[in-house]
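Remarks on the structure that follows.
Quick note: the coordinates plus some simple rules give every number you see, no bench work behind them. Note that the structure is a prediction, hence the values are computed from the model and not measured. Positions of Cβ are generated from backbone atoms using ideal geometry, with glycine treated the same way; all protein chains shown enter the neighbour counts.
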Amino acid sequence: MKFITKTGLKALVTGLIRDYKVYGTVKKDGFPAYGEITDAKQLVLLQTPTHLSAKGFVFPERETLLRFNMEDGSHKPVVEAADQVIIGLHACDIHAMLLMDRVFAYGAPDANYLARRAKTLVIGTDCMPDEHCFCQSIGTMHATEGFDLFLHQTKNGFAIDVGTKRGAAILRKYTKAVTAAASEIRNMEAFEKKRAGSFKTRLDAPAAALPAIYARSDASPVWDRIGSICYGCGSCNNVCPTCYCFDVRDEPAANLKQGERVRVWDACTLEEFALVAGGHNFRKPRGARLRHRFNRKFRYLTDVFNAPFCVGCGRCIRTCLVNINIAEVTNELIAEDAKRGIIDETVRTKKAER
Ligand code: SF4
Ligand code: SF4
């Protein structure tokens, strides 16, 4: 494990700014957020989660996929990707980005996402859970891959996990790293212990049991209850680091000669998401939309990718104006399932361990 001082981090960030577009965690109007870093002083390594995730840097809210010419019928793909660095991702967000990598490489590979991702360096950092974080229950509390460097803040600087050759190269090029002293590693381990004991939100069943529990919960009264208060505003999708649904639109220019095909984020909690020709809507009730979203996180995508698509970051909980809480809802479904007397072996094992 490597070590740099606080001055060493400043040198690293200053060097990166010279050669890359650098984004990192900052305080915007007092709130934790990601923003462009043009001076190392702007970077504030945050232990609490940002309101929006970092997904927009690799999967922008709006991007042009191709430009077309309606006069001659030609079109030209647009792939825009610049060398960039994202500093300050927490372990859950690194897991989220690894999931997005799998999604956009699955089936027909997505050239735009993959090009941007290949040019993105990721520098992770430690965090401390707030009352809504539940990554410990999902298994996304630590990242062992998906980053180039991972900074563990210690008393005198940063102990660093080097994840890739690119990470080692930027460390060599821009700053002076030494082997971490035993005292710095002890410092890091003490923080980790404190962190592990700080979670207030927990799921009452292991993540591996959730697909089956969700599969038995389609008729739960929970969906109508939360559907009756949900605004269908889409905020939970927008802030989620693993929600990746998008819409594709052709936008002709005013001269009706050229145009662009753009993709924009979409959200399964919006009323028109499942609206099809003829005015039919597969998921008009808000409860049905929430049931779909939660099932995507713990069941449908797990069936395809063999991993939960919720990383426990708690963003959708923090952002929801009516306090719909995916962890509480999941625990209600777990409790309903237990009442049915169908307790998965995985649930039983977890209870026995307590
Ligand atoms: S659950 Fe909350 S954030 Fe999500 S759509 Fe409903 S009201 Fe909006
Ligand atoms: S569903 Fe909510 S808690 Fe889970 S990853 Fe998305 S925003 Fe985070």
- The summed charge of the residue 97 Cβ neighbourhood (under 9 Å; Lys/Arg +1, Asp/Glu -1) stands at 0
- To the nearest 20 debye, region 70-124 has a Cα-centred charge dipole, built from +1 on Lys and Arg Cβ and -1 on Asp and Glu Cβ, of 220
- Most exposed to least, judged by fewest other Cβ atoms within 10 Å, 280, 132 sort to 280, 132
- Task: Specify the inter-centroid distance of region 34-49 and region 279-308, based on alpha-carbon positions, in whole Å.
- Result: 34
- Counting DSSP beta bridges with both partners in the chain, what percentage is antiparallel, nearest 5? 75
- Query: Name the GluC sites (Glu not before Pro) in region 3-80 that are in a loop by DSSP and that have at most 15 other C-beta atoms within 10 Å, would you?
  - Reply: 61, 71, 80
- Task: Tabulate in residue order the Karplus-calculated ³J(HN,Hα) for region 282-289, using 6.51 cos²θ - 1.76 cosθ + 1.60 with θ = phi - 60°, rounded to whole Hz; enter x for Gly and Pro.
- Result: 5, 9, 5, x, 4, x, 5, 5
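Can you give the extra length, in nm with one decimal, that the chain gains between residue 33 and residue 231 once fully stretched, where that is 0.36 nm per residue apart less the Cα-Cα distance?
Residue separation times 0.36 nm, minus the Cα-Cα distance, leaves 68.8 nm.
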- Place +1 on the Cβ of every Lys and Arg and -1 on the Cβ of every Asp and Glu in the chain, take the dipole about the Cα centre, and give the residue among 306, 229, 191 whose Cα lies farthest towards its positive end. 191
- Query: Ordered by residue, what ³J(HN,Hα) values in Hz, to whole numbers, does region 292-299 give under the Karplus form 6.51 cos²θ - 1.76 cosθ + 1.60, where θ = phi - 60° and Gly and Pro are x?
  - Reply: 5, 4, 5, 5, 4, 6, 10, 9
- Item | Placed amide H near residue 65: partners under 5 Å, 5+ positions off or other chain | 261, 262, 263
- Calculated from backbone phi, Karplus (6.51, -1.76, 1.60) coupling profile of region 43-50 in Hz, x at Gly/Pro: 6, 10, 5, 9, 8, 9, x, 6
- Message: Would you work out the Kirkwood radius for region 191-323? I mean one over the mean of 1/r across all pairs of different Cα atoms, in Å.
- Response: 17.1
- Item | Cα-based shape type of region 2-155, given that a ≥ b ≥ c are square roots of the gyration tensor eigenvalues and the cut on a/c is 1.5 | prolate
- Förster radius 41 Å - calculated FRET efficiency between residue 67 and residue 303, Cβ distance, rounded to 0.05: 0.65
- Computed for the chain: size of charge dipole around the Cα centre, +1 on C-beta of each Lys and Arg, -1 on C-beta of each Asp and Glu, debye to nearest 20, value 800
- Point-charge dipole on Cβ atoms (K/R +1, D/E -1) for region 1-142, about Cα centre, debye to 20: 440
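Taking 0.36 nm per residue of separation and subtracting the Cα-Cα distance, what length does fully extending residue 115 through residue 51 add?
Length difference between fully extended and current span is 20.4 nm.
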- Item | Helical mean residue ellipticity (222 nm; -39500 (n - 2.57) per DSSP H run of 4+; nearest 500) of the chain | -10000 deg cm²/dmol
- Query: By how many nm would the segment from residue 277 to residue 338 grow when fully extended, if each residue of separation counts as 0.36 nm and the alpha-carbon distance is taken off?
  - Reply: 17.9 nm
- Item | Under-5 Å amide H pairs with residue 180, H placed in peptide plane, nonlocal only | 2, 3
- Could you compute the FRET efficiency for residue 256 and residue 322, with r as their C-beta to C-beta distance and R0 at 45 Å, rounded to 0.05? 0.55
- Item | Computed FRET value (nearest 0.05) for residue 249 with residue 155, which takes r as the C-beta separation and R₀ as 35 Å | 0.10
- Can you list residues whose amide H is under 5 Å from residue 121's amide H, if they're 5+ apart or on another chain and H is modeled 1.01 Å from N? 84, 85, 86
- Message: Could you compute the net charge surrounding residue 75? Neighbours are other residues with a C-beta less than 14 Å from the C-beta of residue 75; K and R count +1, D and E count -1.
- Response: -1
- Taking a ≥ b ≥ c as the square roots of the eigenvalues of the Cα gyration tensor of the chain, is the shape rounded (a/c under 1.5), prolate (a/b larger than b/c) or oblate? oblate
- Query: Which shape class, rounded, prolate or oblate, goes with region 172-228 when its Cα gyration tensor gives a ≥ b ≥ c as root eigenvalues, a/c under 1.5 marks rounded, and past that a/b bigger than b/c marks prolate?
  - Reply: prolate
